[in-house]
Amino acid sequence: KHTLTIIDCHIKALLYALRALSGSLSIKLSVENELSNEPLKSYSSSVVEGGVLLGALRRLHDAQHDFKFTVKEDPNFGLFLESVNGVAGNKDEKTYWEILSESSGEFNRLDVGIGCYMPKADEHIVLRYTTWSPQQ
Ligand code: B12
């Protein structure tokens with residue numbers, strides 16, 4: 001078991017070095033559902049330097065069979081994240097996927113959508129299924 005842990009560490013270090021060489025950034029992605037008791041899911045993904053969050057979601061989807069998402073094009077603001085892992089936002093129920101960035105336990109909403117936002121290295125992005133209030 002000990003040897004396996006060491007090998008695991010080396011593989012991680014190697015992957016990290018390869019990503020740095022190819023100009024891609026690692027990010028952490030969490031998916032949480034505020035409206036159900038479903039456990040939080042965490043993934044890691046990567047995006048090319050200067051690339052947008054959509055790229056990290058696509059890469060994750062291609063690599064991981066239990067992560068899927070759909071988008072809808074808005075004529076003014078670009079891509080709207082419509083559903084994650086089969087759960088879709090709904091106008092009548094006022095539910096949607098909120099996109100946040102977490103740092104030191106503090107959560108901040110992104111000020112643009114997935115087609116515009118450029119993640120930083122090692123950023124923790126949170127997709128949170130929640131409801132919107134009337135003033136939002
Ligand atoms: C209400 C609102 C919402 C509601 C829409 C609910 C609904 N169905 O009515 C909810 C809460 C869902 C929402 C979510 C978000 N929003 Co909003 N929203 C608004 C707001 C205040 C008014 C929109 C509106 O009702 N217009 C009137 C109707 C008649 O026009 P409409 O074209 O049909 O409106 C649609 C679009 O605005 C769309 N929409 C709303 N927000 C967003 C965000 C993105 C990225 C996209 C592609 C579409 C989109 O939903 C509306 C209804 O279908 C605008 C501010 C503004 N100036 O427009 C921000 C605004 C559009 N939202 C913004 C943002 C950033 C977001 C989020 C990314 C925030 C986040 N970090 O989670 C999320 C989207 C996440 C995702 N899943 O992709 C920004 C977009 C900036 C940009 N250049 O990308 C704006 C301009 C506010 C701002 N200045 O920060 N939003």
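Of the residues that sit in segment 1-34 and are acidic (Asp, Glu) and under 20 Å from the mean Cα position of the chain (by Cα), which one is surrounded by the fewest Cβ atoms within 10 Å (Cβ to Cβ)?
Glu34
Could you grab me the full set of residues in segment 35-59 that are among the aliphatic types (A, V, I, L, M) and crowded, with 19+ Cβ neighbours inside 10 Å?
Correct list: Val47, Val52, Leu53, Leu54, Ala56, Leu57.
Report yes if some residue within segment 50-61 is touching a residue at least 24 places away in the same chain (Cβ under 8 Å), farther than 29 Å from Lys12 by Cα, touching a strand residue (DSSP E or B) at 6+ places or on another chain (Cβ under 7 Å) and of a type outside the set (Asp, Glu); otherwise report no.
Checking segment 50-61: not a single residue is touching a residue at least 24 places away in the same chain (Cβ under 8 Å), farther than 29 Å from Lys12 by Cα, touching a strand residue (DSSP E or B) at 6+ places or on another chain (Cβ under 7 Å) and of a type outside the set (Asp, Glu).
Return the residue satisfying two criteria in turn: it lies in segment 11-48 and is outside any strand (DSSP E or B) and among the small types (Gly, Ala, Ser), and of such residues it is modelled with the highest pLDDT.
Selected residue: Ser36.
Between a residue in segment 83-112 that is under 15 Å from Ser30 (Cβ atoms) and of a type in the set (A, V, I, L, M, F, W, C) and any residue that is near the ligand (Cβ under 6 Å from one of its atoms) and assigned to a loop (DSSP other than H, G, I, E, B), which pairs come within a Cβ distance under 6 Å, given they are 6 or more apart or on different chains?
Partner pairs satisfying both residue conditions: Ile99/Leu110.
Within segment 100-113, is even one residue of a type in the set (Lys, Arg) and touching a strand residue (DSSP E or B) at 6+ places or on another chain (Cβ under 8 Å)?
Taking every residue of segment 100-113 in turn, at least one turns out to be of a type in the set (Lys, Arg) and touching a strand residue (DSSP E or B) at 6+ places or on another chain (Cβ under 8 Å).
Could you please find all residues in segment 60-112 being among the acidic types (Asp, Glu), more than 6 Å from the ligand (Cβ to nearest atom) and in a loop (DSSP other than H, G, I, E, B)?
Of everything in segment 60-112, those that are among the acidic types (Asp, Glu), more than 6 Å from the ligand (Cβ to nearest atom) and in a loop (DSSP other than H, G, I, E, B) turn out to be Asp66, Asp92, Glu93.
The values are calculated or read from the model by the stated rules, or taken from the named source; none is laboratory data. Fair warning: this is a prediction, and the values are worked out from it, not measured in the lab. Note that each Cβ is placed from the backbone with ideal geometry, even for glycine, and that neighbours are counted across all protein chains shown.
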